[in-house]
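Data block below; observations after.
Just so it is clear, none of the values below were taken in a lab; they were calculated from the coordinates. For clarity, every value in this text was computed on a predicted model and none was experimentally measured. Neighbour counts run over all protein chains shown; Cβ positions are idealised from the backbone, glycine included.
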Amino acid sequence: MLGKSILAVLFVLSGNLALAETPPARDPTRGELLYSTHCIACHNAQVHWRDKKLVTDWKSLQSEVRRWQQISGLGWNDEDIDEVARYLNALHYRYPAPV
């Protein structure tokens, strides 16, 4: 009887150890969620890397996000615009951005 109890405890512990090794799922940022919900249908990586791109620094990135959300009638506030700009900056541009 004691042997079965020890086996049961070891079995439970080994399952918990396997779970502990699994990296936690990454939560998407608000910027990523806004972009993937409202922008990705028309944009792909080529849009962000084309030769005549309008984005050349952090300020112009924010400006383009602001411009396109207005054209699309999304009504984003400054925080939403900043979050999407930060997401795109991390994903594509890597410009110095304010903290």
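Per-structure values
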{"read-out": "Contour minus Cα-Cα distance for Leu74 and Leu33 (0.36 nm per residue)", "value": "13.4 nm"}
{"read-out": "Label point 7 Å beyond Cα of Cys42 along Cβ direction - residues of segment 60-87 with amide nitrogen under 15 Å", "value": "64-76"}
